[in-house]
Amino acid sequence: MSESADDHEDGAVTEDELEAEALAGAAVEDMLETIRQAQVAPLILSTISTFASVAYGKLEAKDLPEAKAAIDVIDALLPLLPDDVDEAIRRDFRQALTNLKLAYSDAVAAAE
């Protein structure tokens, strides 16, 4: 009777299982190192950009509660940008936020 890799009478761990565990541990360690090296400003910028796209899409779809939530996230994140982020980028995101708020107000008024 043969045993599968998951069915060991003596509870012993196979070489393949040990290798899989080592690979998984290495992958986790690589991921943790990537997180340790991540800079906050690019993550905030990326997140703001993503939420701006979501907000525009939700406004277009007339999903006003979701659009409002995305706009509120942008409004909360903008002040968290570090001072070393280029002023032109800050200005562009502030303008995008203003445009989104105006578009939201227009959409709310049109829905009434």
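FYI, it's all coordinate maths here, none of it is from the lab. As the structure is a computational prediction, the values presented were derived from the model and not from experiment. Neighbour counts run over all protein chains shown; Cβ positions are idealised from the backbone, glycine included.
Would you pick out the residues in the range 39-72 that are in contact with a helix residue (DSSP H, G or I) (Cβ under 6 Å, 6 or more places away or on another chain) and buried (at least 17 other Cβ atoms within 10 Å of the Cβ)?
The answer is ILE44, ILE48, PHE51, ALA52, VAL54, ALA55, LYS58, LEU59, ALA67, ALA70, ILE71.
With the structure loaded, tell me whether GLU33 is surrounded by 11 or more Cβ atoms within 10 Å (Cβ to Cβ), out of contact with any helix residue (DSSP H, G or I) (no Cβ under 7 Å at 6 or more places or on another chain) and over 30 Å from ASP75 (Cα atoms) or whether it fails that test.
Here the answer is no, as GLU33 does not meet what is asked.
For the range 73-95, which positions are of a type in the set (A, V, I, L, M, F, W, C) and either crowded, with 17+ Cβ neighbours inside 10 Å or within 14 Å of SER49 (Cβ to Cβ) (or both)? Walk me through how you get there before you give the answer.
Let us first name the residues in the range 73-95 that are of a type in the set (A, V, I, L, M, F, W, C), namely 73-74, 76-78, 80-81, 85, 88-89, 93.
Those that are of a type in the set (A, V, I, L, M, F, W, C) and either crowded, with 17+ Cβ neighbours inside 10 Å or within 14 Å of SER49 (Cβ to Cβ) (or both): VAL73, ILE74, LEU77, LEU78, LEU81, VAL85, ILE89, PHE93.
Take the range 39-59 and flag every residue that is free of Cβ contacts under 8 Å to residues at least 40 places away in the same chain, within 13 Å of the chain's Cα centre (by Cα) and farther than 30 Å from VAL108 by Cα.
Scanning the range 39-59 gives PRO42, LEU43.
Might you let me know whether the range 31-38 holds any residue that is among the aliphatic types (A, V, I, L, M), within 15 Å of the chain's Cα centre (by Cα) and on the phi < 0 side of the Ramachandran plot?
Looking through the range 31-38, at least one residue is among the aliphatic types (A, V, I, L, M), within 15 Å of the chain's Cα centre (by Cα) and on the phi < 0 side of the Ramachandran plot.
Taking the range 67-90 as the region of interest, how many residues are free of Cβ contacts under 8 Å to residues at least 24 places away in the same chain and more than 16 Å from THR47 (Cα to Cα)?
4
Here are LYS62, LYS101: which of them is touching a residue at least 12 places away in the same chain (Cβ under 8 Å) and on the phi > 0 side of the Ramachandran plot?
On the way: LYS101 fails: on the phi > 0 side of the Ramachandran plot.
Going through LYS62, LYS101 in turn, just one is touching a residue at least 12 places away in the same chain (Cβ under 8 Å) and on the phi > 0 side of the Ramachandran plot: LYS62.
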